[in-house]
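The values are calculated or read from the model by the stated rules, or taken from the named source; none is laboratory data. Fair warning: this is a prediction, and the values are worked out from it, not measured in the lab. Neighbour counts run over all protein chains shown; Cβ positions are idealised from the backbone, glycine included.
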Amino acid sequence: MSYVDEVYERVVKQNPGEAEFHQAVKEVLDSLRLVIDANEEKYRKMALLERLVEPERVISFRIPWVDDNGQVQVNKGYRVQFNSAIGPYKGGLRLHPSVNQGILKFLGFEQVFKNSLTGLPIGGGKGGSNFDPKGKSDREVMAFCQSFMTELYKYIGADQDVPAGDIGVGAREIGYMYGQYKRLTGLYEGVLTGKGLTYGGSLARTQATGYGLVYIVDEMLKHNGNELAGKTVVVSGSGNVAIYATEKAQQLGARVVALSDSNGYIYDKDGIKLDIVKDIKEVRRGRIKEYVDAVPTAVYTEGKGIWSIPCDIALPCATQNELNLDDAKALKANGCFAVAEGANMPSTREATDFFQENGMMFMPGKAANAGGVATSALEMSQNSLRLSWSFEEVDEKLHGIMVGIYAKAADAAERYGVKGNYVAGANIAGFEKVVEAMMAQGVV
């Protein structure tokens, strides 16, 4: 049995019931076989893969808080500090009922490679809770966030672990958490990113993941003799990533015709009116179906099926495993030739294999959605320097980072004889940097 297969079997055996984590590890290790087989003796002696797939630390805790009726509620909280070989742990906090240890381990593992690809000195981590902020009052959200941080603050710091936002954690939640951290420690430091602009946040952070996704798609198309202008694009989701991917795609001349949420999707053949979507989602916190009230020519469809809409480019920006093999086949049949992931692992393994086997350009999430964490790291830099850069400065740095990520993924794929395979390229490029740091630091 190969070293890769041994380690994967070990992961499944030692982490039962954590399907998303198993999926992420298998996808990465399979695409790294070329590198690992060439260095098997050295890596095996150092138990390098065993250390790579095991988090350095998993913190689990209870979060008691009081709701508006005076009832005490209890949620579970986690922080998975996966790998700090190239810098302090960095990765979002997710508040959603689906959050569990396995999902956070998958996200933390992916984050290690994603952060490595940015070229910035940040390690990988992820955290969150099964608390659902939807339908909660501001006071309830504050009570939860303060209780959450009362435990988490012991394990984080500007040079130790710098969490950010993720699903369910926006400016409001980060503000409450930062206030509690400051109250508990007496420190005014860049310990959280995604902060408000008045207290250390960075311009362009809100737009960063969506913008970065489109920047790397644009770069991928250019290097394959194509361009974004004039193309029809379908985007799943209607949160932060989807909204700003839509905005940047429109700015670069593409026509985005569909968005979705967990209830259903809208199709607007004339192109999404983003001002209406922003009002629904960012101002009123409503549902995407409300779009048709303002745009009667648009169509709302309940349930799944967004990938049945004909398009040139598909950008899944909602959640993990939202795009399956049947969806991939439908996209191909309807003329789609490029897919890039704005969410973390939104395509199933069968779907990603189909894209690659059928000559479709495919950019995986660890490369395509790295713009958010890259700009978070830029926020850390600004905090450390006690400076604030302009929107244009941050956006320019973000664009440069995404162009660099494309170049690293394309170069690594070509070096190992799999030109155009950006999954392998991104994994190899991220892996090489982390492994070099791990080897240099000894057995830790």
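Between A338, A367, A328, A333, which is out of contact with any Gly (no Cβ under 7 Å at 6 or more places or on another chain), surrounded by fewer than 17 Cβ atoms within 10 Å (Cβ to Cβ) and closer than 24 Å to S260 by Cβ? Selected residue: A333, the only one of A338, A367, A328, A333 that is out of contact with any Gly (no Cβ under 7 Å at 6 or more places or on another chain), surrounded by fewer than 17 Cβ atoms within 10 Å (Cβ to Cβ) and closer than 24 Å to S260 by Cβ. Apart from one condition, G271 fits all of (1) touching a Lys or Arg at 6+ places or on another chain (Cβ under 6 Å); (2) closer than 25 Å to S308 by Cα; (3) crowded, with 18+ Cβ neighbours inside 10 Å; the exception is (3).
With respect to D275, is the statement that it is part of a helix (DSSP H, G or I) and out of contact with any helix residue (DSSP H, G or I) (no Cβ under 8 Å at 6 or more places or on another chain) true? Yes, satisfied.
Between F131, F148, F144, which is assigned by TED's automatic domain parsing to the domain that holds I63, outside any helix (DSSP H, G or I) and among the aromatic types (F, W, Y)?
Working: F148 fails: outside any helix (DSSP H, G or I); F144 fails: outside any helix (DSSP H, G or I).
After applying the criteria, what remains is F131.
It is to be established whether one or more residues within segment 298-307 are crowded, with 24+ Cβ neighbours inside 10 Å, within 25 Å of G365 (Cβ to Cβ) and not hydrophobic (A, V, I, L, M, F, W, C).
no
Criterion first (farther than 28 Å from Y89 by Cα and either touching a Cys at 6+ places or on another chain (Cβ under 8 Å) or assigned by TED's automatic domain parsing to the domain that holds F113 (or both)) does N358 satisfy it?
Numbers: farther than 28 Å from Y89 by Cα: yes; either touching a Cys at 6+ places or on another chain (Cβ under 8 Å) or assigned by TED's automatic domain parsing to the domain that holds F113 (or both): no.
Against the criterion (farther than 28 Å from Y89 by Cα and either touching a Cys at 6+ places or on another chain (Cβ under 8 Å) or assigned by TED's automatic domain parsing to the domain that holds F113 (or both)), N358 does not qualify.
In segment 216-249, of all residues being in contact with a Ser or Thr (Cβ under 8 Å, 6 or more places away or on another chain) and part of a loop (DSSP other than H, G, I, E, B), the one that is surrounded by the most Cβ atoms within 10 Å (Cβ to Cβ) corresponds to G237.
Looking only at segment 177-189, count every residue that is surrounded by fewer than 19 Cβ atoms within 10 Å (Cβ to Cβ) and either not assigned by TED's automatic domain parsing to the domain that holds K154 or not polar (S, T, N, Q) (or both) and tell me the total. Summing the residues that are surrounded by fewer than 19 Cβ atoms within 10 Å (Cβ to Cβ) and either not assigned by TED's automatic domain parsing to the domain that holds K154 or not polar (S, T, N, Q) (or both) in segment 177-189 gives 8.
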